[in-house]
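K.L.:
I'd like to ask some things about the structure below.
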Amino acid sequence: MPSVPSSASAPASAPAAPLRPRPRPRPRPRYVALVIGAVAVLLATGWGAYRLWNGAPYPEVDPAIVATRLGAEAERVQDDLALPAGADAPPDRLETGACSYRGLRSFAHIDQGRPDVSSFALTWQTTDVPEETARSGQERVRARLSQQGWKPLHEIVSDRGFRYEDPSTGDQVDVRWYEPTGTLAVSIYAPCGKTPDGYTP
């Protein structure tokens, strides 16, 4: 039996397939990292929790300045109405109104007003005003307020009355005439503001 030459060898095995690199995890979008960082900073400083609890702050107001501003507007409205002698005049004292808590804190103070925040108003009315007198006076008020840049609040406008707002201050003028009694009612409001420490209405 012929011998197998010594130089002969077994067939070589196939080379191993190269390992595929594992896909790298996708980096999180940059905005996610920014949001997480911002939240961390807010929580670290306590401002985020404070704002969430208290809500947006009310603007600080000086009641004396508000009273002067509303009183001057009341005189202008009274001049525009040009009611006959003997009609009720605007009051010389402001009425104050309650203002609610904001933010999550409001759930702990339902139906309670903040003692350091108030709204302000001057209100008066005159009865037995004829319709023609009331409507002509209302039109003069409308025309002047529009010229001065006040804007009508359309959801509070009817054939008997209207309310205008001053965009620069948030003050509002409301003039209404009630046919059954001929009552012409005027209200001038200033929005809620934080009053100085120690202020009492």
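K.L.:
Compute the FRET efficiency between ARG144 and LEU34 as 1/(1 + (r/R0)^6), taking r as their Cβ-Cβ distance and R0 = 35 Å, and round to the nearest 0.05.
P.N.:
On the way: r = 50 Å, r/R0 = 1.43.
The computed FRET efficiency comes out at 0.10.
K.L.:
On to the next question. Determine ³J(HN,Hα), in whole Hz, for all residues of region 132-139 in sequence, where each value follows from phi through the Karplus function 6.51 cos²θ - 1.76 cosθ + 1.60 and θ = phi - 60°; x replaces Gly and Pro.
P.N.:
Per residue, the Karplus-derived 3J(HN,Hα) values read 4, 5, 5, 5, 5, x, 4, 5 Hz.
K.L.:
Moving on. Give me the extension gain from THR127 to TYR199: residue separation times 0.36 nm, minus the current Cα-Cα distance, reported in nm with one decimal.
P.N.:
22.5 nm
K.L.:
When the accessible area of region 107-201 is computed with all protein chains present and a 1.4 Å probe, what percentage of it is carbon and sulfur? Present the calculation step by step, with values, prior to reporting the outcome.
P.N.:
Working: 2610 of 5160 Å².
Carbon with sulfur: 51 percent of the solvent-accessible area.
K.L.:
What net charge is computed for the residues neighbouring ALA185, neighbours being all others with C-beta under 11 Å from the C-beta of ALA185, Lys and Arg scored +1, Asp and Glu -1? Present the calculation step by step, with values, prior to reporting the outcome.
P.N.:
Values: positive: ARG160, ARG176; negative: ASP88, ASP174.
In short, 0.
K.L.:
Collect residues whose amide H, placed 1.01 Å from N in the peptide plane, falls under 5 Å from the amide H of GLY97; neighbours closer than 5 in sequence don't count.
P.N.:
Under 5 Å from the amide H of GLY97 lie the amide H atoms of SER119, PHE120, each far enough along the sequence or on another chain.
K.L.:
Would you mind checking which residues have amide H under 5 Å from VAL129's amide H? H placed 1.01 Å from N; only 5 or more apart, or other chain.
P.N.:
THR183, LEU184
K.L.:
At 7 Å along the Cα-to-beta-carbon direction for both ASP116 and ARG135, put a label point, then send me their distance in nm to one decimal.
P.N.:
Each label point lies 7 Å from its Cα, and together they span 5.1 nm.
K.L.:
Report the label-to-label distance for SER100 and THR68 in nanometres (one decimal), using points 7 Å from each Cα along the Cα→Cβ vector.
P.N.:
Output for this residue pair reads 3.4 nm.
K.L.:
Using θ = phi - 60° and the Karplus relation 6.51 cos²θ - 1.76 cosθ + 1.60, list the HN-Hα couplings for region 103-118 in order, rounded to whole Hz, with x at every Gly or Pro.
P.N.:
Running phi through 6.51 cos²θ - 1.76 cosθ + 1.60 with θ = phi - 60° gives x, 5, 4, 4, 5, 8, 9, 5, 6, 10, x, 6, x, 9, 9, 9 Hz.
The values are calculated or read from the model by the stated rules, or taken from the named source; none is laboratory data. Note that the structure is a prediction, hence the values are computed from the model and not measured. Backbone-built Cβ (ideal geometry, glycine too); neighbour counts: all protein chains shown. For the accessible areas, the whole protein counts, side chains as well, though only heavy atoms, and no ligand, DNA or RNA atoms are used. Shrake-Rupley method; radii C 1.70, N 1.55, O 1.52, S 1.80 Å.
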